[in-house]
Amino acid sequence: MNLQGARRWLPWLVALAILVFLIRQVRPDALREALRHGAWLTLSLYIVLETLIALPADAFGTREALAAAGVSRPWSEVLLARGASYLLGLLSYVAGQGGIGFYLARTGVQAGRSAGAVLLLMIANGIVLVLLGAAGLGIELNHLEGVRTDLLLLTIGAALAGILAYLIVIAVRPRRLERYSLLAPLFEAGIRGHLRAILARFPHMLLLAALHWGAFRIWGIAVPLERGLALNPIVLLVAALPVTPGGLGTTQALQVLFFSPYSSASAVLAFSLVHHVIGQIVQAGIGFGCWTLLRRREA
């Protein structure tokens, strides 16, 4: 296997290693039992509703970030484009966001500006998740049993320091960096544009955290609302990292770590796996539907 092939398969191998470790920890027989007694049908219907509810908020945050980067599009058009990009999102978070760049290029936006707009979009998303994760960690710090809080604090602290350094660079606007077409939209947006993109993304991320909490309750895992709102953004942040495909493995590890006190570890792992698999199927269906409607709109 060449280096390129190794890089392609490495995220899957990491995900597989994490899942094997988790299954061995909870015991395969306990996991099978938890899967057998799970609320599959109710959760499946909920995931459809979950995705449909989250998409408009996602599209709003996307439209505002693009507008801050100098690329204005109607919300209805962005809604379909963002939904269609869910197909690429099955591969990874980065691929899903890249789908927006492809949509912009198809609609006549210069390549450098479309890439810069997507970069601003991803930066705004990341900042919101870090801020929510920091707030959640601060709220739940004294209640996280068996969790390396020192490592979490170090990670969040480094991320906050990176955000501050980045915003300082945006405010200073070094001429050498402004010359790059990829970075130009970031500096043109400035601090005000970044704040616009960040504030527009908060409703979507908070909604995702709340909807994930609801999914736990449907499966029979009584996670308190405040804990779900506090810790789910950390899960979403780690899932977005390009470590495993679609956050597979990393999501399950964090959910077992954070939410096992409210049920058995096997029940949490069973829920997490079912939610991930059905979520991917629903995401593919909605993505294909939006892609079809977008093609008809462009025709």
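The values are calculated or read from the model by the stated rules, or taken from the named source; none is laboratory data. Just so it is clear, the structure is predicted and the values come from calculations on it, not from any experiment. Heads up, the Cβs are rebuilt from the backbone with ideal geometry, glycines too, and the neighbour counts pull from every protein chain shown. We work out accessible area using only protein heavy atoms, side chains counted, and drop any ligands, DNA or RNA first. Shrake-Rupley method; radii C 1.70, N 1.55, O 1.52, S 1.80 Å.
Looking at the stretch 97-114 only, could you name the residues that are of a type in the set (A, V, I, L, M, F, W, C) and crowded, with 20+ Cβ neighbours inside 10 Å?
Listed by number, the residues that qualify are I100, L104, V109.
Could you go through the stretch 138-155 and let me know if any residue there is open to solvent by 50 Å² or more (accessible area, probe 1.4 Å) and either touching a Cys at 6+ places or on another chain (Cβ under 9 Å) or modelled with pLDDT of 90 or more (or both). Within the stretch 138-155, none of the residues are open to solvent by 50 Å² or more (accessible area, probe 1.4 Å) and either touching a Cys at 6+ places or on another chain (Cβ under 9 Å) or modelled with pLDDT of 90 or more (or both). Kindly establish whether R36 is over 21 Å from the mean Cα position of the chain (by Cα), touching a residue at least 60 places away in the same chain (Cβ under 8 Å) and open to solvent by 60 Å² or more (accessible area, probe 1.4 Å). Criteria not met by R36. Looking only at residues in the stretch 59-94 that are within 25 Å of V243 (Cβ to Cβ) and of a type in the set (F, W, Y), the one that is least open to solvent (accessible area, probe 1.4 Å) is Y86. All told, A189 falls short of being modelled with pLDDT under 95 and within 14 Å of the chain's Cα centre (by Cα). Scan the stretch 40-56 and give yes if some residue there is more than 24 Å from L248 (Cβ to Cβ) and either without any contact (Cβ under 8 Å) to a residue 24 or more places away in the chain or in a helix (DSSP H, G or I) (or both), otherwise no. Yes, the conditions are met somewhere in the stretch 40-56.
Checking I100, I168 one by one, the residue that is of a type in the set (A, V, I, L, M), closer than 23 Å to L207 by Cβ and part of a helix (DSSP H, G or I) is I100 and no other.
Here is a yes/no grid of residues against (1) out of contact with any Phe, Trp or Tyr (no Cβ under 9 Å at 6 or more places or on another chain); (2) closer than 23 Å to E178 by Cβ:
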| position | (1), (2) |
| --- | --- |
| L80 | no, no |
| L91 | yes, no |
| L104 | yes, yes |
| R113 | yes, yes |
| G116 | no, yes |
| L121 | yes, yes |
| V128 | no, no |
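For F258, the criteria (1) free of Cβ contacts under 8 Å to residues at least 40 places away in the same chain; (2) within 26 Å of L31 (Cβ to Cβ) hold in every case but one, which is (1).
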